[in-house]
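Asks: One structure follows; several queries about it will come next.
The values are calculated or read from the model by the stated rules, or taken from the named source; none is laboratory data. It should be emphasised that the depicted structure is a prediction, and the values quoted were computed from it without experimental measurement. Cβ placement follows ideal geometry from the backbone for every residue including glycine, while neighbour counts extend to all protein chains displayed. Ligands, DNA and RNA are excluded from the accessible area calculation, which covers all protein heavy atoms including side chains. Shrake-Rupley method; radii C 1.70, N 1.55, O 1.52, S 1.80 Å.
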Amino acid sequence: MAVDRELGAGSWSYFGDARAISHGGDTFTGWISTTGNVWVARYTADGKLSKRVIFKGLGRDDHNNPSLVFRHDGHIMVFFSPHSGHHLPPPGIPKAMHYMVSLNPYSINGFGKVHTVDTNVPGGLGYTYPNPMQLQDKLWLFWRGGAWNPTFSYTTDGIHWVPARELVYFGHAQRPYTKYVTDGKRRIHGIFTDGHPENWKNSLHYARYENEALYAMDGRKLGTFKDIPLHTSKLDHIYNYSDAGGRAWGHDIALTADGRPRVVYTRRVNNRDTFWYAYHNGTKWLSRKIVEAGAGRPSFHSGGATLDHEDPRVVYLSRTIGKWNQVEQWFTPDSGRTWTHRQLTSDPSGYAIRPVTPRGLGQAANRILYVWGDQRTIGFTDYTTRVHALDF
(Lines give C-alpha, C1' and ligand atoms only; values in the text may rest on other atoms or scores of the structure.)
Protein backbone atom coordinates (compact mmCIF):
# COMPACT_ATOMS: atom_id res chain seq x y z
CA MET A 1 0.00 0.00 0.00
CA ALA A 2 1.38 3.40 -0.98
CA VAL A 3 2.27 5.86 1.81
CA ASP A 4 2.47 9.56 0.89
CA ARG A 5 3.82 11.84 3.63
CA GLU A 6 4.47 15.56 3.76
CA LEU A 7 8.00 16.25 5.02
CA GLY A 8 7.89 20.02 5.25
CA ALA A 9 6.91 23.36 3.72
CA GLY A 10 9.40 24.22 1.01
CA SER A 11 10.71 23.52 -2.45
CA TRP A 12 13.72 22.82 -4.61
CA SER A 13 14.88 23.60 -8.10
CA TYR A 14 16.02 21.15 -10.79
CA PHE A 15 19.78 21.57 -10.94
CA GLY A 16 21.24 21.35 -7.44
CA ASP A 17 21.87 17.69 -6.57
CA ALA A 18 21.79 15.37 -4.82
CA ARG A 19 18.56 16.52 -3.22
CA ALA A 20 18.16 13.17 -1.45
CA ILE A 21 20.67 10.49 -0.48
CA SER A 22 20.20 7.17 1.30
CA HIS A 23 22.02 4.86 3.69
CA GLY A 24 20.71 1.66 5.21
CA GLY A 25 17.28 2.31 3.77
CA ASP A 26 17.01 5.75 5.43
CA THR A 27 16.65 8.84 3.27
CA PHE A 28 18.40 12.13 4.01
CA THR A 29 17.07 15.15 2.19
CA GLY A 30 16.71 18.92 2.43
CA TRP A 31 14.79 21.88 1.06
CA ILE A 32 14.55 25.65 1.16
CA SER A 33 11.50 26.54 3.20
CA THR A 34 8.68 28.91 2.35
CA THR A 35 10.30 31.36 4.79
CA GLY A 36 13.79 31.04 3.27
CA ASN A 37 15.45 28.71 5.78
CA VAL A 38 17.55 25.62 4.99
CA TRP A 39 16.05 22.41 6.36
CA VAL A 40 17.44 18.88 6.44
CA ALA A 41 15.48 15.74 7.27
CA ARG A 42 15.91 12.04 7.91
CA TYR A 43 13.08 9.78 6.82
CA THR A 44 13.70 6.24 7.94
CA ALA A 45 12.88 3.04 6.11
CA ASP A 46 9.97 2.43 8.50
CA GLY A 47 8.51 5.93 8.08
CA LYS A 48 9.89 7.88 11.06
CA LEU A 49 10.63 11.54 10.32
CA SER A 50 13.09 13.87 12.04
CA LYS A 51 14.08 17.29 10.70
CA ARG A 52 15.81 20.52 11.66
CA VAL A 53 16.74 23.98 10.44
CA ILE A 54 20.49 24.28 9.93
CA PHE A 55 20.66 27.79 8.42
CA LYS A 56 18.24 30.71 8.71
CA GLY A 57 17.59 33.57 6.33
CA LEU A 58 19.14 32.31 3.11
CA GLY A 59 16.18 33.69 1.17
CA ARG A 60 12.83 32.55 -0.18
CA ASP A 61 13.94 31.29 -3.58
CA ASP A 62 13.66 27.70 -4.76
CA HIS A 63 17.14 27.92 -6.34
CA ASN A 64 18.53 28.02 -2.78
CA ASN A 65 17.80 24.38 -1.99
CA PRO A 66 20.58 22.40 -0.31
CA SER A 67 22.49 19.55 -1.95
CA LEU A 68 23.75 16.62 0.12
CA VAL A 69 26.60 14.15 -0.12
CA PHE A 70 28.09 11.52 2.18
CA ARG A 71 31.72 12.26 2.88
CA HIS A 72 34.00 9.22 2.61
CA ASP A 73 33.58 8.65 6.37
CA GLY A 74 29.77 8.85 6.31
CA HIS A 75 29.44 12.40 7.64
CA ILE A 76 26.83 14.38 5.72
CA MET A 77 27.99 17.51 3.91
CA VAL A 78 25.22 19.99 3.03
CA PHE A 79 25.92 22.71 0.43
CA PHE A 80 23.73 25.76 -0.21
CA SER A 81 23.97 29.27 -1.60
CA PRO A 82 21.71 32.25 -2.31
CA HIS A 83 20.48 32.43 -5.91
CA SER A 84 23.06 34.96 -6.98
CA GLY A 85 22.78 35.62 -10.68
CA HIS A 86 20.96 38.92 -11.02
CA HIS A 87 19.25 38.42 -7.65
CA LEU A 88 20.84 39.93 -4.56
CA PRO A 89 20.91 37.68 -1.49
CA PRO A 90 19.15 38.84 1.67
CA PRO A 91 20.93 41.53 3.75
CA GLY A 92 23.82 40.06 5.68
CA ILE A 93 24.06 36.90 3.54
CA PRO A 94 27.18 36.99 1.34
CA LYS A 95 27.34 35.78 -2.26
CA ALA A 96 29.03 32.58 -1.20
CA MET A 97 28.74 28.82 -1.36
CA HIS A 98 28.10 27.69 2.21
CA TYR A 99 28.46 24.19 3.57
CA MET A 100 28.04 22.41 6.88
CA VAL A 101 29.14 18.96 8.05
CA SER A 102 27.20 16.66 10.37
CA LEU A 103 28.85 15.94 13.71
CA ASN A 104 28.19 12.22 13.38
CA PRO A 105 28.04 9.81 10.44
CA TYR A 106 24.63 9.23 8.86
CA SER A 107 22.99 11.62 11.34
CA ILE A 108 21.32 15.04 11.27
CA ASN A 109 21.31 15.45 15.06
CA GLY A 110 24.01 18.12 14.97
CA PHE A 111 26.11 20.10 12.51
CA GLY A 112 29.36 22.00 12.81
CA LYS A 113 30.00 25.63 11.92
CA VAL A 114 29.21 27.15 8.55
CA HIS A 115 32.08 27.00 6.06
CA THR A 116 32.37 28.77 2.73
CA VAL A 117 34.00 27.67 -0.51
CA ASP A 118 36.65 30.36 -0.83
CA THR A 119 37.10 30.22 -4.59
CA ASN A 120 35.09 31.17 -7.69
CA VAL A 121 35.73 32.35 -11.22
CA PRO A 122 35.44 36.06 -12.12
CA GLY A 123 32.14 37.55 -13.17
CA GLY A 124 30.34 38.67 -10.06
CA LEU A 125 27.33 36.37 -10.50
CA GLY A 126 28.02 34.33 -7.42
CA TYR A 127 27.22 30.67 -6.86
CA THR A 128 24.12 28.65 -7.76
CA TYR A 129 23.22 24.94 -8.03
CA PRO A 130 25.76 23.05 -5.88
CA ASN A 131 26.53 19.50 -7.04
CA PRO A 132 28.93 17.78 -4.60
CA MET A 133 30.22 14.26 -5.21
CA GLN A 134 32.87 12.02 -3.71
CA LEU A 135 35.34 10.54 -6.21
CA GLN A 136 37.98 8.47 -4.44
CA ASP A 137 39.88 10.82 -2.08
CA LYS A 138 38.53 14.05 -3.57
CA LEU A 139 35.26 15.80 -2.77
CA TRP A 140 34.31 17.52 -6.03
CA LEU A 141 31.92 20.44 -6.19
CA PHE A 142 30.30 21.72 -9.38
CA TRP A 143 28.18 24.88 -9.50
CA ARG A 144 27.11 27.70 -11.77
CA GLY A 145 29.90 30.16 -11.23
CA GLY A 146 30.69 33.84 -11.36
CA ALA A 147 30.23 34.11 -15.13
CA TRP A 148 27.16 31.81 -15.19
CA ASN A 149 29.10 28.88 -16.62
CA PRO A 150 29.59 25.38 -15.18
CA THR A 151 32.41 25.73 -12.65
CA PHE A 152 34.20 23.31 -10.33
CA SER A 153 36.68 22.86 -7.54
CA TYR A 154 37.62 20.02 -5.21
CA THR A 155 38.99 19.44 -1.74
CA THR A 156 40.88 16.58 -0.15
CA ASP A 157 40.47 17.70 3.45
CA GLY A 158 37.02 19.33 3.43
CA ILE A 159 38.46 22.77 4.18
CA HIS A 160 40.89 23.86 1.48
CA TRP A 161 39.65 24.11 -2.10
CA VAL A 162 41.73 24.21 -5.28
CA PRO A 163 41.20 27.35 -7.41
CA ALA A 164 37.87 27.26 -9.23
CA ARG A 165 37.84 26.73 -12.98
CA GLU A 166 35.17 26.81 -15.65
CA LEU A 167 34.44 23.49 -17.33
CA VAL A 168 32.18 24.44 -20.24
CA TYR A 169 30.86 27.63 -21.83
CA PHE A 170 28.60 28.70 -24.67
CA GLY A 171 28.60 32.51 -24.79
CA HIS A 172 25.86 34.65 -26.34
CA ALA A 173 24.94 35.81 -22.81
CA GLN A 174 23.59 32.29 -22.13
CA ARG A 175 24.18 29.93 -19.21
CA PRO A 176 24.50 26.18 -19.80
CA TYR A 177 22.36 24.00 -17.53
CA THR A 178 24.00 20.83 -16.29
CA LYS A 179 23.43 17.50 -14.56
CA TYR A 180 26.20 15.28 -13.20
CA VAL A 181 26.71 11.74 -11.93
CA THR A 182 29.79 9.84 -10.74
CA ASP A 183 30.67 6.18 -10.44
CA GLY A 184 32.62 7.09 -7.29
CA LYS A 185 35.75 5.43 -8.62
CA ARG A 186 37.13 6.92 -11.85
CA ARG A 187 34.62 8.99 -13.74
CA ILE A 188 32.22 11.90 -13.58
CA HIS A 189 29.65 12.19 -16.37
CA GLY A 190 27.82 15.37 -17.29
CA ILE A 191 25.17 16.67 -19.68
CA PHE A 192 25.03 20.31 -20.77
CA THR A 193 22.63 22.58 -22.61
CA ASP A 194 23.72 25.73 -24.43
CA GLY A 195 21.41 27.96 -22.41
CA HIS A 196 17.91 28.26 -20.99
CA PRO A 197 15.18 26.88 -23.29
CA GLU A 198 13.14 30.06 -22.93
CA ASN A 199 16.02 32.06 -24.36
CA TRP A 200 17.93 29.76 -26.71
CA LYS A 201 17.41 26.99 -29.25
CA ASN A 202 19.15 24.45 -27.07
CA SER A 203 20.97 21.32 -28.06
CA LEU A 204 22.09 18.76 -25.45
CA HIS A 205 25.70 17.66 -25.02
CA TYR A 206 27.74 15.14 -23.04
CA ALA A 207 31.26 14.87 -21.60
CA ARG A 208 32.99 12.43 -19.25
CA TYR A 209 35.78 13.38 -16.88
CA GLU A 210 38.61 10.91 -16.26
CA ASN A 211 42.25 11.52 -15.30
CA GLU A 212 42.37 15.27 -15.95
CA ALA A 213 40.70 15.00 -19.35
CA LEU A 214 37.24 15.06 -20.96
CA TYR A 215 36.00 12.32 -23.27
CA ALA A 216 33.10 11.53 -25.59
CA MET A 217 31.17 8.28 -25.18
CA ASP A 218 33.07 6.66 -28.06
CA GLY A 219 36.38 7.32 -26.28
CA ARG A 220 37.44 10.41 -28.23
CA LYS A 221 39.41 12.84 -26.12
CA LEU A 222 37.61 16.17 -26.21
CA GLY A 223 40.35 18.00 -24.36
CA THR A 224 42.49 18.01 -21.24
CA PHE A 225 42.24 20.26 -18.22
CA LYS A 226 44.77 22.47 -20.00
CA ASP A 227 42.11 23.15 -22.65
CA ILE A 228 39.10 23.98 -20.48
CA PRO A 229 36.66 25.57 -20.58
CA LEU A 230 35.42 23.80 -23.69
CA HIS A 231 32.75 25.37 -25.89
CA THR A 232 29.57 23.29 -26.01
CA SER A 233 30.13 22.79 -29.75
CA LYS A 234 33.25 20.75 -28.88
CA LEU A 235 31.35 18.30 -26.68
CA ASP A 236 29.72 15.00 -27.56
CA HIS A 237 26.27 15.79 -29.00
CA ILE A 238 23.33 13.85 -27.62
CA TYR A 239 20.75 15.90 -29.49
CA ASN A 240 21.02 18.79 -31.95
CA TYR A 241 18.26 21.39 -32.11
CA SER A 242 18.72 21.66 -35.87
CA ASP A 243 17.74 17.99 -36.28
CA ALA A 244 14.26 18.23 -34.76
CA GLY A 245 13.48 21.80 -33.74
CA GLY A 246 12.76 21.28 -30.04
CA ARG A 247 14.61 23.17 -27.32
CA ALA A 248 16.41 20.70 -25.03
CA TRP A 249 16.57 20.74 -21.25
CA GLY A 250 18.47 18.02 -19.41
CA HIS A 251 16.67 16.51 -16.41
CA ASP A 252 18.87 13.66 -15.22
CA ILE A 253 21.77 11.34 -15.98
CA ALA A 254 22.34 7.98 -14.27
CA LEU A 255 24.60 4.97 -14.80
CA THR A 256 23.79 1.37 -15.57
CA ALA A 257 25.43 -1.44 -13.59
CA ASP A 258 28.27 -1.47 -16.12
CA GLY A 259 28.78 2.29 -15.90
CA ARG A 260 27.05 3.44 -19.09
CA PRO A 261 25.00 6.64 -18.89
CA ARG A 262 21.29 6.96 -19.47
CA VAL A 263 19.76 10.39 -19.93
CA VAL A 264 16.26 11.81 -19.59
CA TYR A 265 15.56 15.22 -21.10
CA THR A 266 12.80 17.31 -22.62
CA ARG A 267 12.34 18.97 -25.97
CA ARG A 268 10.18 22.07 -25.92
CA VAL A 269 8.10 23.17 -28.91
CA ASN A 270 5.59 26.02 -28.58
CA ASN A 271 5.90 25.91 -24.78
CA ARG A 272 4.99 22.21 -24.67
CA ASP A 273 7.46 19.61 -23.44
CA THR A 274 8.03 16.04 -24.55
CA PHE A 275 10.16 13.63 -22.49
CA TRP A 276 12.96 11.72 -24.25
CA TYR A 277 15.27 8.92 -23.17
CA ALA A 278 18.82 8.84 -24.55
CA TYR A 279 21.66 6.33 -24.56
CA HIS A 280 24.78 5.57 -26.60
CA ASN A 281 24.69 2.34 -28.60
CA GLY A 282 28.46 2.11 -29.03
CA THR A 283 28.43 4.12 -32.24
CA LYS A 284 26.16 7.08 -31.65
CA TRP A 285 23.64 8.63 -29.28
CA LEU A 286 20.03 7.60 -29.77
CA SER A 287 16.95 9.31 -28.35
CA ARG A 288 13.57 7.65 -27.96
CA LYS A 289 10.34 9.39 -27.09
CA ILE A 290 8.73 8.60 -23.76
CA VAL A 291 5.60 10.76 -23.61
CA GLU A 292 4.32 14.28 -24.09
CA ALA A 293 4.46 16.28 -20.89
CA GLY A 294 1.94 19.01 -21.56
CA ALA A 295 2.24 22.76 -21.32
CA GLY A 296 5.01 24.30 -19.27
CA ARG A 297 3.45 26.29 -16.45
CA PRO A 298 4.95 29.72 -15.65
CA SER A 299 5.38 28.86 -11.97
CA PHE A 300 7.64 25.85 -12.61
CA HIS A 301 8.46 25.67 -16.36
CA SER A 302 8.40 21.86 -16.58
CA GLY A 303 7.13 19.11 -14.31
CA GLY A 304 10.57 17.50 -14.24
CA ALA A 305 11.91 13.96 -14.41
CA THR A 306 14.43 11.76 -12.65
CA LEU A 307 15.99 8.41 -13.41
CA ASP A 308 16.09 5.61 -10.87
CA HIS A 309 19.80 5.65 -10.07
CA GLU A 310 19.66 2.02 -8.99
CA ASP A 311 17.93 0.96 -12.21
CA PRO A 312 17.93 3.63 -14.95
CA ARG A 313 15.48 1.65 -17.02
CA VAL A 314 12.97 3.40 -14.73
CA VAL A 315 12.00 7.04 -15.19
CA TYR A 316 9.86 9.08 -12.82
CA LEU A 317 8.30 12.06 -14.53
CA SER A 318 5.67 14.72 -13.93
CA ARG A 319 3.23 15.52 -16.72
CA THR A 320 -0.15 17.16 -17.08
CA ILE A 321 -3.02 14.78 -16.33
CA GLY A 322 -6.30 16.65 -16.29
CA LYS A 323 -5.97 19.95 -14.41
CA TRP A 324 -2.71 19.24 -12.60
CA ASN A 325 0.66 17.65 -13.12
CA GLN A 326 1.05 14.22 -11.54
CA VAL A 327 4.04 11.89 -11.12
CA GLU A 328 4.22 8.64 -13.06
CA GLN A 329 6.66 5.73 -13.16
CA TRP A 330 7.77 4.65 -16.65
CA PHE A 331 9.74 1.47 -17.36
CA THR A 332 11.55 0.33 -20.48
CA PRO A 333 13.04 -3.16 -20.90
CA ASP A 334 14.65 -2.33 -24.26
CA SER A 335 16.43 1.05 -24.09
CA GLY A 336 13.33 3.10 -24.75
CA ARG A 337 11.77 1.19 -27.65
CA THR A 338 8.74 0.26 -25.57
CA TRP A 339 7.36 1.56 -22.28
CA THR A 340 4.91 0.60 -19.57
CA HIS A 341 3.78 3.09 -16.95
CA ARG A 342 1.63 3.69 -13.90
CA GLN A 343 0.43 6.82 -12.14
CA LEU A 344 1.81 7.35 -8.62
CA THR A 345 0.19 10.60 -7.43
CA SER A 346 -3.41 11.69 -7.90
CA ASP A 347 -4.22 14.46 -5.41
CA PRO A 348 -7.09 16.40 -7.06
CA SER A 349 -6.29 19.55 -5.07
CA GLY A 350 -2.82 20.25 -6.45
CA TYR A 351 0.14 19.25 -8.58
CA ALA A 352 3.11 16.95 -8.03
CA ILE A 353 6.35 18.04 -9.72
CA ARG A 354 10.16 17.78 -9.61
CA PRO A 355 10.44 14.14 -8.52
CA VAL A 356 13.77 12.80 -7.29
CA THR A 357 14.99 9.36 -6.28
CA PRO A 358 17.34 9.10 -3.29
CA ARG A 359 20.86 8.25 -4.43
CA GLY A 360 21.99 4.93 -2.98
CA LEU A 361 18.53 3.73 -2.03
CA GLY A 362 19.20 0.23 -3.32
CA GLN A 363 16.52 -2.34 -3.96
CA ALA A 364 15.06 -2.47 -0.45
CA ALA A 365 12.13 -0.15 -1.17
CA ASN A 366 10.48 2.02 -3.78
CA ARG A 367 10.65 5.64 -2.69
CA ILE A 368 10.54 8.99 -4.45
CA LEU A 369 10.36 12.54 -3.21
CA TYR A 370 8.49 15.33 -4.98
CA VAL A 371 7.18 18.87 -4.59
CA TRP A 372 3.43 19.42 -4.10
CA GLY A 373 1.73 22.75 -4.80
CA ASP A 374 -1.35 24.51 -6.13
CA GLN A 375 -2.43 27.77 -7.71
CA ARG A 376 -1.06 29.81 -4.80
CA THR A 377 2.49 29.27 -6.09
CA ILE A 378 3.32 32.09 -8.49
CA GLY A 379 7.04 31.71 -9.09
CA PHE A 380 10.42 30.68 -7.74
CA THR A 381 10.38 33.37 -5.03
CA ASP A 382 6.66 33.15 -4.24
CA TYR A 383 5.70 29.57 -3.45
CA THR A 384 3.55 27.72 -0.94
CA THR A 385 4.74 24.24 -1.88
CA ARG A 386 5.42 21.18 0.27
CA VAL A 387 8.05 18.45 -0.06
CA HIS A 388 6.57 14.94 0.04
CA ALA A 389 7.94 11.42 0.27
CA LEU A 390 6.07 8.58 -1.41
CA ASP A 391 6.70 4.90 -0.66
CA PHE A 392 4.99 2.46 -2.98
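Asks: Are any residues in the range 86-104 open to solvent by 60 Å² or more (accessible area, probe 1.4 Å) and more than 22 Å from the chain's Cα centre (by Cα), and if so, which ones?
Replies: The answer is Leu88, Pro91, Gly92, Pro94, Leu103, Asn104.
Asks: Among the residues of the range 266-280 satisfying the criterion of being touching a strand residue (DSSP E or B) at 6+ places or on another chain (Cβ under 8 Å) and among the polar types (S, T, N, Q), which is farthest from Trp249 (Cα to Cα)?
Replies: Looking at residues that are touching a strand residue (DSSP E or B) at 6+ places or on another chain (Cβ under 8 Å) and among the polar types (S, T, N, Q), I get Asn271.
Asks: Given the range 175-251, what strands (runs of 3 or more DSSP E) lie entirely inside it while holding 1 or more residues that are closer than 24 Å to Thr128 by Cα and open to solvent by 10 Å² or more (accessible area, probe 1.4 Å)?
Replies: In the range 175-251, 178-182, 204-210 are the strands (runs of 3 or more DSSP E) which contain 1 or more residues that are closer than 24 Å to Thr128 by Cα and open to solvent by 10 Å² or more (accessible area, probe 1.4 Å).
Asks: Residues being buried (at least 19 other Cβ atoms within 10 Å of the Cβ) and in a strand (DSSP E or B): count how many of those fall in the range 315-338.
Replies: 11
Asks: Can you pull out every residue in the range 49-90 that is assigned to a strand (DSSP E or B) and of a type outside the set (Phe, Trp, Tyr)?
Replies: Listed by number, the residues that qualify are Leu49, Ser50, Lys51, Arg52, Val53, Ile54, Ser67, Leu68, Val69, Ile76, Met77, Val78.
Asks: Report every pair of residues separated by at least 6 positions or lying on different chains whose Cβ atoms are under 7 Å apart, first residue within the range 228-252 and under 19 Å from Leu167 (Cα atoms), second open to solvent by 40 Å² or more (accessible area, probe 1.4 Å).
Replies: Ile228/Arg165; Pro229/Tyr169; His231/Tyr169
Asks: Answer yes if at least one residue in the range 350-368 is open to solvent by 60 Å² or more (accessible area, probe 1.4 Å) and touching a Phe, Trp or Tyr at 6+ places or on another chain (Cβ under 7 Å), and no otherwise.
Replies: Among the residues of the range 350-368, at least one is open to solvent by 60 Å² or more (accessible area, probe 1.4 Å) and touching a Phe, Trp or Tyr at 6+ places or on another chain (Cβ under 7 Å), which makes the answer yes.
Asks: Kindly provide the set of residues from the range 45-68 that are surrounded by 15 or more Cβ atoms within 10 Å (Cβ to Cβ) and within 15 Å of Met100 (Cα to Cα), ordered by number.
Replies: Within the range 45-68, Ile54, Phe55, Leu58, Asn64, Asn65, Pro66, Ser67, Leu68 qualify.
Asks: Here is a list: Gly30, Gly36. Which entry is over 19 Å from Val117 (Cα atoms), in a loop (DSSP other than H, G, I, E, B) and modelled with pLDDT of 95 or more?
Replies: Selected residue: Gly36, the only one of Gly30, Gly36 that is over 19 Å from Val117 (Cα atoms), in a loop (DSSP other than H, G, I, E, B) and modelled with pLDDT of 95 or more.
Asks: Any residue that is in a loop (DSSP other than H, G, I, E, B) and open to solvent by less than 40 Å² (accessible area, probe 1.4 Å) - is there at least one of those in the range 268-284?
Replies: Looking for residues that are in a loop (DSSP other than H, G, I, E, B) and open to solvent by less than 40 Å² (accessible area, probe 1.4 Å), one finds none in the range 268-284, hence no.
Asks: Got a sec? Which of His280, His237 is in contact with a His (Cβ under 7 Å, 6 or more places away or on another chain) and within 27 Å of Phe152 (Cβ to Cβ)?
Replies: None of the other options fit; the residue is His237.
Asks: Same structure, new question: Within the bounds of the range 314-326, is there any residue that is more than 22 Å from Asp4 (Cβ to Cβ) and of a type in the set (Val, Ile, Thr)?
Replies: no
Asks: With closer than 20 Å to Gly360 by Cβ, in contact (Cβ under 8 Å) with a residue 60 or more places away in the chain, surrounded by 23 or more Cβ atoms within 10 Å (Cβ to Cβ) and within 21 Å of the chain's Cα centre (by Cα) as the only criterion, which of Arg71, Arg19, Arg42 stands out?
Replies: Selected residue: Arg19, the only one of Arg71, Arg19, Arg42 that is closer than 20 Å to Gly360 by Cβ, in contact (Cβ under 8 Å) with a residue 60 or more places away in the chain, surrounded by 23 or more Cβ atoms within 10 Å (Cβ to Cβ) and within 21 Å of the chain's Cα centre (by Cα).
Asks: Does Ser81 meet the test of being in contact (Cβ under 8 Å) with a residue 12 or more places away in the chain, touching a His at 6+ places or on another chain (Cβ under 7 Å), open to solvent by less than 10 Å² (accessible area, probe 1.4 Å) and more than 24 Å from Trp148 (Cβ to Cβ)?
Replies: Spelling it out, it is not the case that Ser81 is in contact (Cβ under 8 Å) with a residue 12 or more places away in the chain, touching a His at 6+ places or on another chain (Cβ under 7 Å), open to solvent by less than 10 Å² (accessible area, probe 1.4 Å) and more than 24 Å from Trp148 (Cβ to Cβ).
Asks: Let me ask something else. Give me the pairs: first residue in the range 97-110 and touching a residue at least 60 places away in the same chain (Cβ under 8 Å), second residue surrounded by fewer than 15 Cβ atoms within 10 Å (Cβ to Cβ), beta-carbon distance under 8 Å, and six or more apart or on different chains, which are they?
Replies: Close Cβ pairs (under 8 Å, with a partner that is surrounded by fewer than 15 Cβ atoms within 10 Å (Cβ to Cβ)) amount to Tyr106/Gly24; Tyr106/Gly74; Ile108/Ser50; Ile108/Arg52.
Asks: Now, a different point. Looking only at the range 1-16, which residues are surrounded by fewer than 24 Cβ atoms within 10 Å (Cβ to Cβ) and either over 19 Å from Gly47 (Cβ atoms) or in contact (Cβ under 8 Å) with a residue 12 or more places away in the chain (or both)?
Replies: Ala2, Val3, Asp4, Arg5, Glu6, Leu7, Gly8, Ala9, Ser13, Phe15, listed by residue number.
Asks: Does Gly158 count as in contact (Cβ under 8 Å) with a residue 60 or more places away in the chain, assigned to a loop (DSSP other than H, G, I, E, B) and out of contact with any Gly (no Cβ under 8 Å at 6 or more places or on another chain)?
Replies: The answer is yes for Gly158.
Asks: Somewhere in the range 360-380, is a residue at pLDDT 95 or above and assigned to a loop (DSSP other than H, G, I, E, B)?
Replies: For the range 360-380, residues at pLDDT 95 or above and assigned to a loop (DSSP other than H, G, I, E, B): absent.
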